[in-house]
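No lab work stands behind these numbers, since they all come straight from the coordinates. Everything numeric in this text was worked out from a predicted model, so none of it was measured. Cβ sites come from the backbone with ideal geometry, for glycine too, and all protein chains shown count toward neighbours.
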Amino acid sequence: MGETIDGKYEVEELLGAGGMGMVFRARRALLGDEVALKILFPHLLKSDLQRRLFTDEAISTAQVSHPNVITIYDAYTDEQYKVSYMAMELLRGQSFKELMLSEAPMAPKLIYPIFTQACAGLHAAHHMNIIHRDLKPDNLFLSVSDDGEMVVKVLDFGIATVMGDVKEDEQNKLLGTLRYMAPEQCQGAPTSPATDLYAIGVILYESLTRQRATGKTVDAVLYEVPPKVNERLPPDKMVPIELEELVMQLLEKNPAKRPQSALEVQRRLQRLEDPFRSFDEPRQKPNPFGQTPFGHTPASVSLSSVDPLSEEGDHNTGIIEGLDRPSSGRMWASVAALCVVIFVLTIWLVR
């Protein structure tokens, strides 16, 4: 810690490590404010695919200016000194994955404000012809604003693609997290907004039922039809039939049968949340941070040694994984990677 990168960013603290790199809390030397600094592992610069994905993430995210999409401030790659970084807004809060593991099966009143915001951010990306392709609970972040309100941020456009981009290669097509990949994505077919909406459906299904939407294989994603939401819930936990219908439509194997825009999904969720509100009226933002005891597992949920939402046995088709805080099982790997990053940065700074 204490290194200054590119003369701009003073590194203060390691926040987490993922499959592609590490994220640090840093301070901008000129402005004095804090940012999150994502640094690609130096050895990954040798991979044309990884280098392109890192650059594409910065470009794709920067193109989408929306309160529900994380903001990118700066990005730079120095191939000679094996340093590639991305500076973005520093978020405080927790991922939706953390909330889901703690609270699922979740009440619809908690679901509505989170996914209306997530769909708003997704619609902004789709409006720019950008398909995320790796939506999952890790990549929905529940940030806390200065006034204490919850603001959902869509993260990690690392394998995003532009609709109709002829440069998309076969290897890039097959990247993703199998559990949340749409059937057409598993087959390497062209993606569309409906591809991201399928992932939203999977996340909704898991958060409402605490059960997986499909099994752990490609065949399961392609052919398994999950039971309806209310078939997996006790009578006192059943959700409105309109919500169940929306989730099952999002999980249609045929993308043409899913809702065709994130805006449509957002508005349907808003109607469920407040049937009497006009879309022209300013929306009062509910705050789940004040409605649920985070970290508390509902008494109705039995957490066995293998939770239905566990990632045990999951198969991912690509290299993109969500960013987690270092656990004890991965701490030494993170420390070793950190030493490599600091060593490379030191050489770069004294050049």
#### Entry: Rg/Rh (Cα only; Kirkwood hydrodynamic radius) as it applies to the stretch 27-94
0.99
### Message
Report the gain in length on full extension from Gln94 to Thr4: 0.36 nm times residue separation, minus Cα-Cα distance, nm rounded to one decimal.
### Response
29.7 nm
### Task
Equivalent ellipsoid semi-axes for the stretch 50-169, as square roots of 5 times the alpha carbon gyration tensor eigenvalues: give them largest first, rounded to whole Å.
27, 17, 13
### Query
Can you flag which of Lys38/Lys136; Lys153/Lys216; Lys136/Lys237; Lys8/Lys82; Lys216/Lys253 are past 21 Å Cα-Cα?
Lys153/Lys216; Lys136/Lys237
### Dipole magnitude of the stretch 93-290 about its Cα centre (Cβ charges: Lys, Arg +1; Asp, Glu -1), debye to nearest 20
300
### Task
Using a cut-off of under 13 Å, list every residue of the stretch 17-55 whose amide N is near the label point 7 Å from the Cα of Asp146 along the Cα-to-beta-carbon line.
33-34
### Task
List the residues of the stretch 100-133 whose backbone N lies under 14 Å from a point placed 7 Å from the Cα of Lys237 along the Cα-to-Cβ direction.
100-108
### Message
Give me the extension gain from Asp78 to Asn129: residue separation times 0.36 nm, minus the current Cα-Cα distance, reported in nm with one decimal.
### Response
15.5 nm
### Summary
Cα-based Debye curve of the stretch 93-290 sampled at q = 0.11 Å⁻¹ gives log₁₀ I(q)/I(0) of -0.48
### Query
Order of 156-162, 46-52, 249-255 by packing, highest average Cβ count within 10 Å first?
156-162, 249-255, 46-52
### Summary
Hydrodynamic calc, the stretch 87-152: Kirkwood Rh from Cα pairs, then Stokes-Einstein at 4 °C with viscosity 1.567 mPa s, so D in µm² s⁻¹ is 100
